[in-house]
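Contents: one structure, followed by commentary.
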Amino acid sequence: MRRISIFGATGSIGQSTIDLIRRDREAYRVVALTGGGNIARLAQDAKDLNAGIAVTAYEDRLPELRDALAGTGIEAAAGDQALIEVADREADWIMSAIVGAAGLAPGLHALRHGTTLALANKESLVTAGPMLMETAQAHGARILPVDSEHSAVFQALVGEKPAEVERVIITASGGPFRDWSLERLESATLEQACKHPSWDMGQRITIDSASMFNKALEIIETKEYFGFAPEQIEVLVHPGSYVHALVGFRDGALMAHLGAPDMRHAIGYALHWPERRELPVERLDLARVGQLRFEAPDEIRFPALRLAREVMATGGLAGAVFNAAKEAALDLFIARKIGFPDMARLVERVLTEMSAGVSLRGNGLSLETILEADKEARARVFARQAA
Ligand code: NDP
Ligand code: MG
């Protein structure tokens, strides 16, 4: 039996992962499930899957979790430290699907045990890419990409020589505001930003898709995970979300990865890698799809893409600052305190301020300096907004 843990089990990716596990229950022993505020879901899944331990991120919710698990023999724990400690429990495969930079420490910790980490949490690669990749290498751990574009690139690269790759193209649906004018974007509401045209995902990544911050994070994720140069990484808007990514080789060939927009494909690929197993995803009927549309992305209406290039050029702590400022600006948008385009404005401002002050470029990045930069960036976003 494979021992598996799911960090962020109550979320969209976590639930899709559990769906795959449930279909082949005998093959797995569930070591740990973690969640945030959705205690009912966490406890129910822990019981159904007979998990060893269930952990909530919020300490004040521990009594509730304990009550829900009373008499089951399943352990309950809470808080940031518990989330890190649970990564010490031996597992063969761990899904990293906490949303935001909060997913960094547990994932990093798990890699130190040489485990295989299926990484949905792109924020940890944006925040601390080199550290994550080096930790995996030092401990013989493997990181498998779960983001659909990165899983697609990973699959297109099987059997290929990295030196023969000329470029990588990741696609973006364009989100609900793909054809909106700059003026109209000023009035975009939370409800409108939460309606994704092709993917069903958690609220935060859905809004990030509307602002293209998701694609900005993914450009950086591509650089950090595969080691491609920034100028080799392109974005192509593809509203249907059937083509997830393309890899271009030096002879001009393009290998595209196509599939229905269902995260269970990328999750299942990471779960069964290096094999392919049957997955409960829709088989694409391309005759019915009929046409595949592509457009160039617009960095004027969606400045996040331009900011991602600046972040890659700066390196060092810029990724941590970019991600944290984005998370804080997103909090403000969700709280209806700022408008939709204000998110990119605030992030750009904080990036500029922080590059002007302390150098973001410094060597010797540690988890401590990264978390400090993260904290400062969030504080600056909130201060700017209040001013
Ligand atoms: P959700 O918001 O649906 O789920 C997030 C999970 O993290 C939940 O289990 C939530 O708990 C938990 N969580 C929230 N805040 C914290 C915290 N501070 N500490 C610990 N746990 C916390 O997100 P998604 O599943 O959509 O996304 C998860 C990750 O996967 C993100 O990094 C996202 O970018 C990435 N991803 C997602 C895709 C998708 O299709 N959804 C596609 C590609 C990547 P609770 O709900 O109980 O509060
Ligand atoms: Mg993606």
Residue satisfying condition, being surrounded by 22 or more Cβ atoms within 10 Å (Cβ to Cβ) and over 15 Å from Arg301 (Cα atoms), within set Thr222, Thr189
Thr222
Would you mention how many residues in segment 138-191 are within 16 Å of ligand 1 (Cβ to nearest atom) and within 28 Å of Gly107 (Cβ to Cβ)?
18
With the requirement that a residue be in contact (Cβ under 8 Å) with a residue 60 or more places away in the chain and not hydroxyl-bearing (Ser, Thr, Tyr), what does segment 267-293 give you?
Ile267, Gly268, Ala270, Leu271, Trp273, Leu279, Pro280
I'd like to check which helices (runs of 4 or more DSSP H) are fully inside segment 71-145 and have at least 2 residues that are touching a residue at least 40 places away in the same chain (Cβ under 8 Å) and crowded, with 20+ Cβ neighbours inside 10 Å.
104-111, 122-138
Checked pairs for segment 204-215, first within 20 Å of Ala102 (Cβ to Cβ), second basic (Lys, Arg) and buried (at least 24 other Cβ atoms within 10 Å of the Cβ), C-beta under 7 Å and 6 or more apart or across chains, list as Phe213/Lys326
Against the conditions (1) more than 13 Å from ligand 1 (Cβ to nearest atom); (2) closer than 25 Å to Trp199 by Cα, where does Thr72 fall short? Just the number, please.
(2)
Can you name the condition, by its number, that Glu368 falls short on among (1) surrounded by 15 or more Cβ atoms within 10 Å (Cβ to Cβ); (2) of a type outside the set (A, V, I, L, M); (3) under 25 Å from Ala105 (Cβ atoms)?
(1)
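Conditions (1) of a type in the set (Gly, Ala, Ser); (2) within 16 Å of ligand 2 (Cβ to nearest atom); (3) modelled with pLDDT under 95; (4) farther than 25 Å from Gln137 by Cβ, marked per residue:
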residue: Asp19; (1), (2), (3), (4): no, no, no, yes
residue: Thr34; (1), (2), (3), (4): no, no, no, yes
residue: Arg61; (1), (2), (3), (4): no, no, no, yes
residue: Gly71; (1), (2), (3), (4): yes, no, no, yes
residue: Glu75; (1), (2), (3), (4): no, no, no, yes
residue: Gly79; (1), (2), (3), (4): yes, no, no, yes
residue: Glu85; (1), (2), (3), (4): no, no, no, no
residue: Leu104; (1), (2), (3), (4): no, no, no, no
In segment 192-205, the residues that are in contact with a Pro (Cβ under 9 Å, 6 or more places away or on another chain) and within 8 Å of ligand 1 (Cβ to nearest atom)
Trp199, Asp200
Scan segment 45-62 and give yes if some residue there is acidic (Asp, Glu) and within 30 Å of Ala325 (Cα to Cα), otherwise no.
yes
In this structure, is Arg250 in contact with a helix residue (DSSP H, G or I) (Cβ under 7 Å, 6 or more places away or on another chain), in contact (Cβ under 8 Å) with a residue 40 or more places away in the chain and surrounded by fewer than 18 Cβ atoms within 10 Å (Cβ to Cβ)?
yes
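The values are calculated or read from the model by the stated rules, or taken from the named source; none is laboratory data. Computed from a predicted model, the values in this text were never measured in an experiment. All Cβ positions, glycine included, derive from the backbone under ideal geometry; neighbour counts span all protein chains shown.
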